[in-house]
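Heads up, the thing below is written out as structure tokens.
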Amino acid sequence: MSEQLEMDELAYSSRMVDWAPLGKLFFVLCLLIVGLLTNSILVPLITFSVGIALMAYSTNMRIPLILSLAIAEAIVIMIIGSGMISIMGDTDDPALWEGQLLWFNVHMTDASFQKAWLIFFRAIAGVTLMLSFASSTPIPHLAHAVRSIKCPVEICELIVLIYRYSFLLLERFLIMLDAAQCRLGYNGAMTAVKSYGGAMAGTFIFSMELAEKSEAALACRNYQGYFPIYRMPSPMSWKWIAVGLGLSVLLYLIGTETADWIDMTALFAPVLGW
Amino acid sequence: MSNIFEMDNVTFAHHPTMPNVLDGFSIAVEEGSRTAILGANGAGKTTMFYTLAGVYKPQSGEVLFRGEPLDYSRDGLTRVRSEVAVVLQNPDEQMFCSLVEEDVAFGPLNLGIDRDEIETRIDKALRDVRMTEYRRSPLQQLSGGQRKRVAIAGALAVNPSVMIMDEPTAGLDPQASMEVLELAEKLHLQGVTVLISTHDIDLAYTWADSVNVLRNGKKVFSGTSEEFYSNQEEVHLCGLLSPSTFNMNREISALRGVPESPYPHNVSEFLSKFGKAGAGRVFCVACPEDRVCDIYDEAVREAGSGARIGVYGSDTRYGLSGKKIDYYFDGIDSCFTEAVLGRDSVLFYDPVYDPLIKERAGALKEFGSDIVLEEVR
Amino acid sequence: MTQTILEANDVCYRYSKKSGNVLDHVSLRIDKGVKTAILGANGAGKSTLFSVLNALYKPDSGEVLYHGEPLSYRKRNILRMRSEVSILFQNPNDMLFRPNVEQDVAYGPENLKLPREEIQKRVDDALFAVGMSDFRKSPVMRLSYGQRKRVTLAGVLAMHPQVLIMDEPTAGLDPQMAYEVMEIAEQLCCNGVTVIMSSHDTNLTYSWADEIHVMQNGKCVYSGTPEGFYSDKIAVYQAGLLAPSAFLMNEGLSSIGVVSRDPFPRTQTEVSAKIADNKGGRFGTLHIMEIAPDSDINALVMDHGFGDLSTGIYGMSARRAQDTSKARIDFMYNGPENCTMKCMAGQDSLVLCDPVMVESAKKSAEFINNGGYGDIKVDVIRL
């Protein structure tokens, strides 16, 4: 509940909230794709910095705890993930490290070690970029953007409504859990399971009733089939495409030029004694 | 006055297999009136409102708006809804945007009004409900009472000529309810027809010109409050109780052997009927928005020390915050009560309420009280 | 000797580190059997206070005492406490866990691990108390808002709490149902349950509560008698409330010497009696007849020759008996008040009353007699 709310609050207070949502999306996607196209570790490092810089600008140099936590969480997950990749190298290649770790057969090769680092940096860069986008674009803006690229109206409106009501439903669900406590709803494991079930069913019924009532309420406000936005973000412009593509080409060139510049194995060799 | 709305023998059910929610329902709402809709839970009040606004199309019978049958085409409905605004009981059900200003703009945008005009309407509507400083706040951060105000602002932004409010004071604290009531009075003075459904019988009794009572999907009464409450049996069948002011008037009149009529509707009228009617002065000060504070000192000096000070209207109340005030809410009734008890008082109010004060003073005369209104310029 | 049942001692609570205190050094004591109202504007912290008193939230500082013992927040102790302290939430939709009425009311008692017959009996009684006996098999989804509110009230009644906390119990209810809820609250008090009610309806709570606690911006700014608070106009304004009209009328009239300020009339009947000042008149007798759930009302009324008196009804067992005998009743609502008023007008009247509620039924008549506004003979006919 609170996390969802905080992201929403963040998006609306962002300094980039009036930027074209499609432009932002295009820009972020360009950087993500180019990061996947090249094999240089330098490129994800650059896109990661771009992401952090955007985030810093968006939040007025005060990156809130929730974003830092999200990135930290991604780093932890990716350390585990790329750790797994690095120890499962091709058994035909010479091993840097071979042995038994818990119940894994470790066979770390030069290639797997390099690959793990690359994937690690790509993932972190991707998460950071996406977060910088998400933390500066309220969902209604996104829906509007998606609509403007001829996505079916029904889907866009669904996004907005689900987004709006997810707050209400969550609120309701949490209150119901409290109410269950007051009626001793966690007095034993079976009872607790039943209480959760009851709360879910209650929330479900509530959502159906809400939908029914909302339909009438929408009509009262002369709803015409789409959700208008009062304070429009700037429209998508050629500038965004130019910047996005230009930066991609540049990064691609940098990437191909620097593919072998950074050798992670060599860097770690003295430390790990390879 | 002509009827702005009429419903003639309307029958409505949500589904053919379900029971009728409105069943041979007829009603007429006079243009510019203050109408209260009363009835127990489930009597059909909300459904009636939706039918008036053209949301529900009745299975049989006719709904007339300004004498014309409702046109259920898209254009026809847009025409009706540009004049009729509905505020629902639960604000969450009618909010579809995440920012306050976006939500207030939702109705006008749907009506295709141009953006500059909407800008001024948002400003005005938010000021009327005292939510200006929350203009760019996300809705989910607001409390229930604040969401209710935003919902009302959303309806005001349509500039309606009919304002329908379903339980506008439910869940609001007494002061917020008073503000809603002041707003309803203001709309009434601006010529808007105001329909309010409520369970608060005391509130309906002090506010409404006429009441319409619903029971099981039928309108069973239409007329003045007194007529309705005099028939105790009917009141009970409708799931209602009579308002305490009405009961006390009846009881005391019987004990004292005086006629029940005229019926007092508020404290000042009640006291002038049963207390010793004095003749205090009420210094009436219509406050222009920008110079409230300058006028305050002058008027208080003129009234002399010991005069109680009352306020009516949100602009004046806001302008005078920090000054010494005795009656922040319900200033008209409170100051009139002072006068009835023979004491002087000063009443500061938004200029728009001038006719209301005259009207209340006129009503008070019927109770044998000769209070003096002195206008301070 | 009063005994404190629930106590908050310098309690602070906030929802997150960033937000301010929702409860800000709140201290208050709720005595056993005292009808307590918690008043305050929207957002003053009433509901949060209830959640803290019920151990749903643990205070950031300060402590909550139940029967003089600080809450330990250990699971077993909390369960025991919650089996004695129940909350009725404001919105009934928050409390409905089961698909049909009967099952939902049984939810609390089942969690108490009671024997089956006991659960059955409690569900029966609770559903009758709220007038929903005919709906016991209905799906909850089909019920209206008011009916759902009744079901949730039945749900907490069936837990037989010692302390019942009601959050805005009459909000959104039509007047008759609101009255019924208040009568149930009165009945619970007479049965020894401590009832705590939050509300911003000052008129309603004024006629009911013995003691009020006023919340304002998370602080408890007043504890004591209602009159003590309403006499301070500025405090009332700052708390976002309005003084009840009965109080205002009494203040107005006493300020010009028409009536004395004391005693304060709290109900409509008391105001009427005080203002009407019917000193020389004739007064009727208020017959209060105790009724057990299985009494035959028609026979009792005939035996005493009360057949043509105005009759009011008050309390659960009387309503049960009326439900089976279908006796004629003039005042289904506000029975004692209306009957007392009849006596003021010189007619005898009869209140069919639950034995535990006799004292409560006498209240208005006693106010009138003690204040010298009349001389109503009260005749209690025991079972």
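The values are calculated or read from the model by the stated rules, or taken from the named source; none is laboratory data. These figures come from a predicted structure and were not determined experimentally. Counting neighbours? That spans all protein chains shown, and the Cβs are built from the backbone with ideal geometry, glycine included. Surface areas here come from the heavy atoms of the whole protein model, side chains and all, with no ligands, DNA or RNA. Shrake-Rupley method; radii C 1.70, N 1.55, O 1.52, S 1.80 Å.
So, A:PRO233, is that one open to solvent by less than 60 Å² (accessible area, probe 1.4 Å), more than 8 Å from every other protein chain (Cβ to nearest Cβ), under 24 Å from the mean Cα position of the chain (by Cα) and under 28 Å from B:GLY107 (Cα atoms) or not?
yes
Residues of the range A:74-83 being touching a helix residue (DSSP H, G or I) at 6+ places or on another chain (Cβ under 9 Å) and open to solvent by 50 Å² or more (accessible area, probe 1.4 Å), which ones?
A:ILE75, A:ILE77, A:ILE79
For B:LEU214, state whether it is touching a strand residue (DSSP E or B) at 6+ places or on another chain (Cβ under 8 Å), within 14 Å of chain C (Cβ to nearest Cβ), part of a loop (DSSP other than H, G, I, E, B) and at pLDDT 90 or above.
no
Would you please name the residue that is nearest to the other protein chains (Cβ to nearest Cβ), looking only at residues in the range A:148-200 that are open to solvent by 40 Å² or more (accessible area, probe 1.4 Å), in a loop (DSSP other than H, G, I, E, B) and of a type outside the set (Val, Ile, Thr)?
Ranking the candidates gives A:TYR186 first.
Only strands (runs of 3 or more DSSP E) wholly contained in the range C:1-84 count here; list those with 1 or more residues that are surrounded by 19 or more Cβ atoms within 10 Å (Cβ to Cβ), free of Cβ contacts under 8 Å to residues at least 60 places away in the same chain and not charged (D, E, K, R).
Strands (runs of 3 or more DSSP E) meeting the threshold: C:4-13, C:61-66.
Looking only at the range C:85-98, how many residues end up being outside any strand (DSSP E or B) and facing chain A (nearest Cβ under 7 Å)?
Residues flagged as outside any strand (DSSP E or B) and facing chain A (nearest Cβ under 7 Å) within the range C:85-98 amount to 7.
With hydrophobic (A, V, I, L, M, F, W, C) and more than 23 Å from C:PRO175 (Cβ to Cβ) as the only criterion, which of B:ILE201, B:ILE152 stands out?
The unique qualifying residue is B:ILE152.
Per-residue answers, yes or no, for (1) out of contact with any Phe, Trp or Tyr (no Cβ under 8 Å at 6 or more places or on another chain); (2) without any contact (Cβ under 8 Å) to a residue 60 or more places away in the chain:
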site: B:PHE5; (1), (2): no, no
site: B:PHE49; (1), (2): yes, no
site: B:LEU52; (1), (2): no, no
site: B:GLY61; (1), (2): no, yes
site: B:LEU64; (1), (2): no, no
site: B:LEU70; (1), (2): yes, yes
site: B:GLY76; (1), (2): yes, yes
site: B:VAL86; (1), (2): no, no
site: B:PRO91; (1), (2): yes, no
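Right, B:MET95: within 14 Å of chain C (Cβ to nearest Cβ) and open to solvent by less than 10 Å² (accessible area, probe 1.4 Å) or not?
Judged against the criteria, B:MET95 is not a match.
Have a look at B:TYR296, B:TYR312, B:TYR318 and point out the one that is open to solvent by 20 Å² or more (accessible area, probe 1.4 Å), in contact (Cβ under 8 Å) with a residue 40 or more places away in the chain and among the aromatic types (Phe, Trp, Tyr).
The match here is B:TYR318.
Take the range A:128-152 and flag every residue that is of a type in the set (A, V, I, L, M) and without any contact (Cβ under 8 Å) to a residue 60 or more places away in the chain.
Answer for the range A:128-152, where residues must be of a type in the set (A, V, I, L, M) and without any contact (Cβ under 8 Å) to a residue 60 or more places away in the chain: just A:VAL146.
Restricting to the range C:264-281, name every residue that is crowded, with 21+ Cβ neighbours inside 10 Å and either among the β-branched types (Val, Ile, Thr) or in contact with a Ser or Thr (Cβ under 7 Å, 6 or more places away or on another chain) (or both).
Matches in the range C:264-281: C:ARG266, C:GLN268, C:THR269, C:GLU270, C:VAL271, C:ILE275.
What is the number of the single condition among (1) part of a helix (DSSP H, G or I); (2) in contact with a helix residue (DSSP H, G or I) (Cβ under 7 Å, 6 or more places away or on another chain); (3) within 14 Å of chain C (Cβ to nearest Cβ); (4) surrounded by fewer than 22 Cβ atoms within 10 Å (Cβ to Cβ) that B:ARG250 does not meet?
(2)
Could you please find all residues in the range B:113-139 being over 24 Å from the mean Cα position of the chain (by Cα) and open to solvent by less than 20 Å² (accessible area, probe 1.4 Å)?
B:ILE118, B:PRO138, B:LEU139
Across the range C:171-214, what is the number of residues that are surrounded by fewer than 22 Cβ atoms within 10 Å (Cβ to Cβ), outside any helix (DSSP H, G or I), of a type in the set (A, V, I, L, M) and more than 10 Å from chain B (Cβ to nearest Cβ)?
So the count comes out to 1.
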